[in-house]
């Protein structure tokens, strides 16, 4: 963790724009002629959509454009002429993540274990729950735990309180770690592609509630988990990561739940890792996951 | 292949009945007291359904009940008193399989390669297709190929012709190796749990036509294949085997099709192997796959 | 957790003996005629070795032999006549597990998370470490943490101290959760098939130290983890569970380490689960894992 | 297959050179300023080795440098100044592959099935075997089959004959589809990174003969297959693809062989596909597999 200050700082640029000739050359020339050294570059063209995607990271050590003017410079020089949607990050800025959780603790505990081990180079200042149960496990690590009960009558108020907290804690993205409440469209729209959910099935099979029960009923031989960005339509947002586990006729529902927990926590954590490393671009309902 | 006659002949019994005390003991005692030596035994209890399942194989060398009276003897002694559904097989009887195919040849070719290699201890005397394209590949191995065109108007006639062939060739079970016609309910009912289909998705996701296109549209990170017994409801029958393959954002529909072919052919062949080894029991819409 | 007392108590019997006719029948008859109801039975014959293995669990509700005389009764009636190695467990006795750990915390944290969630029906009263680092994470859950430094000079003393603690805490089995010290043969022999290790490679590839570095050097496309019982020969004991993860050319050693951590912790936890559910039998250097 | 002539022709360039600033920019500028349109680009930097790798494909439709002078032009403009190792391919040139096989036919049959289905855009004019057994299956597809017996005494002669055939048939690369003879160093050196082998274990575990027997003896819970370029050291060449399959205690050696066959054929075919799509670069004993 402490080595971060010692590594050279990089800029990370994510680009999505209509495909056209020479885009890679144009972008790398901008970096190169300004003294940047590309340390990682990946591009992808969605031929069906005629859309170009790129992730490029470069060492800022000898880069002549100051950090604070880079966004403006890039915007004028390249983004506007090429109709680019773009995001710019710096490797020395730690993303700030909040976790929403209910009573199922395995995903939260997995996240906390990674946090405690300094496995992830992020800040987790805040956990919000509609139940009080997990407070001690969270606060013992120095993370604030806010209990906001949610029911049919107070949902709007609860969400307002949640949003205020997210602002107050300067949260960059939210992780729903088996959070059992459905967020309103308004809430979701405030954090586009910044709310990550874990669903306990290999979507699009078994959306909604009780997927392990449905999987058991259907007699499938594999179960899975899916992490995705949350959109207005339940369990239908852009998929970031999926994985599966084989099951047998001897596995009862409780065995599916048990085996599924391990898939869920690993799939969610991989998605979080991709997200805070700025490797995910969303286009339509699909993701480009660079480095995967 | 030729060693079959030299190995001791076994009887294989598949049982499904209401669960009750002492069933394993009752069945093994029947075998043991009649001089049989159990070479393989597996039982399973579906606690939710209160249902007992068992597969037992025993060496017939010193067994005192003659083969031809075994079914009767078992029926009277055990099956009727315990309300057992049961099937009895002998290891020296080669199952006879027919393949239905359309134009996609990868599953058929995989089956033919195994047949040609004597990988499978079965007979494949017959391939039926609604297209003439694959005749040469089939007949060159000494397998009969019957071209039965199917369209809206002749479907009933075509199925009648198919059924006559299945009877004439004494077919035990049918494999739909990417056969692109939907069979009638009547046809399906004539071969309960004896028609195996391969569907090119991890069901229940993406049933019906063009699952790879749907998978691409949904932006999934895994694709899969499912082999199942055919029932009246399309792509909803009891699942025998499933497997998956990871895909990335760079995979276009044609890449999903390419990667999927390998999953399809392996999953179908595993299901066929389970079936002709008498390892699959169906109960409701679920399968017990012994030895898996 | 609290429901345990309410569920009917079962006896679980693990048997290994020379194969012979009628063994399943003999054992089930013993259970049945004494009023037991078999709830789970699995047998396996190693044909190459001529060895019979069996795991059977039965409900003790109406069983007429008292618990305290069951071992004796079984021994006289069946075990001695059939030269059986056997183990007997009761479902209401919680196994007691100790964890040995050094500085890598991911496996320990995963174990603690499951413990804290009551995911496992066992007791973990003791963690022993050759470093003081992880004390707080352990003691905060009410588990004792004993720091026993180990070096070349004090190894025998340290092990004596460890063994005294294992006795004092009535430990049934030990888990080496990335414990970086090699145990002496004497220590290992005191806990035959009762010390579970996690090795961070798909053994037998890359035994010994720094397997991820070796995997990187060799340019493999998959990495893995192996949980096994500890024997005198390093990383060569009977394997309980293995799993793997695909890697790419873009993965550097630190990426292998990162991806590997998730495989390690899941593979170790699966092995622990199999062990405390009494599903593992060792014969020679191989394991029979019932229910897998 | 027939559409090939209709698709625009691309040039595919593979580059390996010491890492330095601006390489991506330099290469893309060369393409762009000469009228090429990049359709695919992937780069990788091996930081440990300070080595840069790149695969770039561009549409030649408006490219102003004629095909026949492209190699020279690139060499002078970029390769020499930047000390590049490089390879240039054109998408309308079909690679020509030869297969070496012994008696195990499953990999060969899988290759032939793909060939017959036009799944692969390559030519397979020649199969060489040290046994006569598989001749009919090969020649019936219009592929020449040459039987060259190999024993201790005639090995040099046999290899000379093989090499003459490879030249005569203008073979680009050789696939050892379970060919059970060890090639001489001289033979191997004549086809650097152009001989692909399939080994029936997850290397580096179980190199050499009878890996399934060794896997069984060791009691592993996964088996696998590895495709790699052949080098002088047996089973130690750069790995292209690996995959695995779970096994259980019930799997005897013959079951490992059966399950292994499916892994072998799929892993080999994936490696062949990567190779003829010019996606593999070798550096030291590691591969960069673009698009994976």
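Across the range C:24-55, what is the number of residues that are touching a residue at least 12 places away in the same chain (Cβ under 8 Å) and at the interface with chain B (Cβ under 8 Å from one of its Cβ atoms)?
Residues meeting the conditions: 11.
If we scan the range A:100-120, do we find a residue that is within 28 Å of residue A:284 (Cα to Cα) and away from chain C (no Cβ under 14 Å)?
Yes; the residues of the range A:100-120 include at least one that is within 28 Å of residue A:284 (Cα to Cα) and away from chain C (no Cβ under 14 Å).
Is at least one residue of the range C:201-212 in contact with a strand residue (DSSP E or B) (Cβ under 7 Å, 6 or more places away or on another chain), facing chain D (nearest Cβ under 9 Å) and touching a residue at least 60 places away in the same chain (Cβ under 8 Å)?
No, that holds for no residue.
As an exercise: evaluate residue A:49 against (1) assigned to a loop (DSSP other than H, G, I, E, B); (2) over 25 Å from residue A:121 (Cβ atoms); (3) over 25 Å from the mean Cα position of the chain (by Cα) and give the number of the one condition it does not meet.
Looking at each condition in turn, residue A:49 falls short on (3).
State all residues of the range B:244-265 that are within 27 Å of the chain's Cα centre (by Cα) and more than 9 Å from chain A (Cβ to nearest Cβ); if no residue qualifies, say none. Step through it out loud before you land on a result.
First pass over the range B:244-265, keeping only residues within 27 Å of the chain's Cα centre (by Cα): B:244-246, B:256-265.
Across the range B:244-265, the qualifying residues are B:245, B:256, B:257, B:258, B:259, B:260, B:261, B:262, B:263, B:264, B:265.
Counting residues that are without any contact (Cβ under 8 Å) to a residue 24 or more places away in the chain and in the same structural domain as residue D:277 (by TED's automatic domain parsing), which helices (runs of 4 or more DSSP H) fully inside the range D:62-153 reach at least 1?
D:106-116, D:135-139
Residues that are touching a helix residue (DSSP H, G or I) at 6+ places or on another chain (Cβ under 8 Å) and surrounded by fewer than 16 Cβ atoms within 10 Å (Cβ to Cβ): does the range B:121-135 have at least one?
Yes, the range B:121-135 has at least one match.
Give the residues of the range A:252-285 that are in contact with a helix residue (DSSP H, G or I) (Cβ under 8 Å, 6 or more places away or on another chain) and either in a strand (DSSP E or B) or assigned by TED's automatic domain parsing to the domain that holds residue A:41 (or both), sorted by residue number.
A:280
Which residues, counting only those in the range D:1-29, are modelled with pLDDT of 90 or more and assigned to a helix (DSSP H, G or I)?
The answer is D:23, D:24, D:25, D:26, D:27, D:28, D:29.
Which number in (1) touching a residue at least 24 places away in the same chain (Cβ under 8 Å); (2) part of a helix (DSSP H, G or I); (3) surrounded by 14 or more Cβ atoms within 10 Å (Cβ to Cβ) marks the one condition that residue D:156 misses?
Unmet condition: (3).
With the requirement that a residue be part of a loop (DSSP other than H, G, I, E, B) and surrounded by 20 or more Cβ atoms within 10 Å (Cβ to Cβ), what does the range B:217-234 give you? Talk me through it step by step, then tell me what you get.
Residues of the range B:217-234 part of a loop (DSSP other than H, G, I, E, B): B:219-221, B:230-234.
Selection gives B:219, B:220, B:221, B:230.
Would a scan of the range A:269-290 turn up a residue that is over 30 Å from residue A:90 (Cα atoms), at the interface with another protein chain (Cβ under 10 Å from one of its Cβ atoms), crowded, with 18+ Cβ neighbours inside 10 Å and touching a residue at least 12 places away in the same chain (Cβ under 8 Å)? Give the derivation first.
Applying the first criterion (over 30 Å from residue A:90 (Cα atoms)) to the range A:269-290 yields none.
No: the range A:269-290 contains no residue that is over 30 Å from residue A:90 (Cα atoms), at the interface with another protein chain (Cβ under 10 Å from one of its Cβ atoms), crowded, with 18+ Cβ neighbours inside 10 Å and touching a residue at least 12 places away in the same chain (Cβ under 8 Å).
For residue C:154, state whether it is in contact with a strand residue (DSSP E or B) (Cβ under 8 Å, 6 or more places away or on another chain) and over 30 Å from residue A:137 (Cα atoms). Working first, answer last.
Working: in contact with a strand residue (DSSP E or B) (Cβ under 8 Å, 6 or more places away or on another chain): no; over 30 Å from residue A:137 (Cα atoms): yes.
No.
Considering each residue of the range B:61-79, count those that are buried (at least 21 other Cβ atoms within 10 Å of the Cβ) and touching a strand residue (DSSP E or B) at 6+ places or on another chain (Cβ under 6 Å), and give that number.
At the first step, the residues of the range B:61-79 found to be buried (at least 21 other Cβ atoms within 10 Å of the Cβ) are B:74.
Next, only the ones that are touching a strand residue (DSSP E or B) at 6+ places or on another chain (Cβ under 6 Å) stay: none.
Total meeting the criteria: 0.
Would you say residue B:46 is farther than 27 Å from residue B:68 by Cβ, crowded, with 16+ Cβ neighbours inside 10 Å and at pLDDT below 95?
yes
Against the definition (modelled with pLDDT under 95 and within 14 Å of chain C (Cβ to nearest Cβ)), how does residue B:64 come out, yes or no?
On the way: modelled with pLDDT under 95: no; within 14 Å of chain C (Cβ to nearest Cβ): yes.
Judged against the criteria, residue B:64 is not a match.
Is there any pair with a first residue in the range A:235-263 that is on the phi > 0 side of the Ramachandran plot and a second that is at pLDDT 95 or above and surrounded by fewer than 22 Cβ atoms within 10 Å (Cβ to Cβ) whose Cβ atoms are under 6 Å apart and which are 6 or more apart or on different chains, and what are they?
Listed pairs, sorted by first residue: A:235/A:207.
Given the structure, is residue D:84 under 30 Å from residue B:120 (Cβ atoms) and surrounded by 15 or more Cβ atoms within 10 Å (Cβ to Cβ)?
Working: under 30 Å from residue B:120 (Cβ atoms): no; surrounded by 15 or more Cβ atoms within 10 Å (Cβ to Cβ): yes.
For residue D:84, the condition - under 30 Å from residue B:120 (Cβ atoms) and surrounded by 15 or more Cβ atoms within 10 Å (Cβ to Cβ) - is not met.
Could you please find all residues in the range A:180-202 being assigned to a loop (DSSP other than H, G, I, E, B) and surrounded by fewer than 24 Cβ atoms within 10 Å (Cβ to Cβ)?
Keep residues of the range A:180-202 that are assigned to a loop (DSSP other than H, G, I, E, B), which gives A:180-184, A:191-194, A:200-202.
Scanning the range A:180-202 gives A:180, A:181, A:182, A:183, A:184, A:191, A:192, A:193, A:194.
Taking the criterion of being outside any loop (DSSP other than H, G, I, E, B), more than 10 Å from chain A (Cβ to nearest Cβ) and either surrounded by fewer than 24 Cβ atoms within 10 Å (Cβ to Cβ) or under 15 Å from the mean Cα position of the chain (by Cα) (or both), would at least one residue in the range B:236-243 satisfy it? Spell out how you get there, then give the answer.
First, pick out the residues of the range B:236-243 that are outside any loop (DSSP other than H, G, I, E, B): B:239-243.
Okay, now just the ones that are also more than 10 Å from chain A (Cβ to nearest Cβ), so none.
For the range B:236-243, residues outside any loop (DSSP other than H, G, I, E, B), more than 10 Å from chain A (Cβ to nearest Cβ) and either surrounded by fewer than 24 Cβ atoms within 10 Å (Cβ to Cβ) or under 15 Å from the mean Cα position of the chain (by Cα) (or both): absent.
The values are calculated or read from the model by the stated rules, or taken from the named source; none is laboratory data. Here the structure is a predicted model, which means the values were calculated and not measured. Note that we place each Cβ from the backbone using ideal geometry, even for glycine, and neighbour counts take in every protein chain shown.
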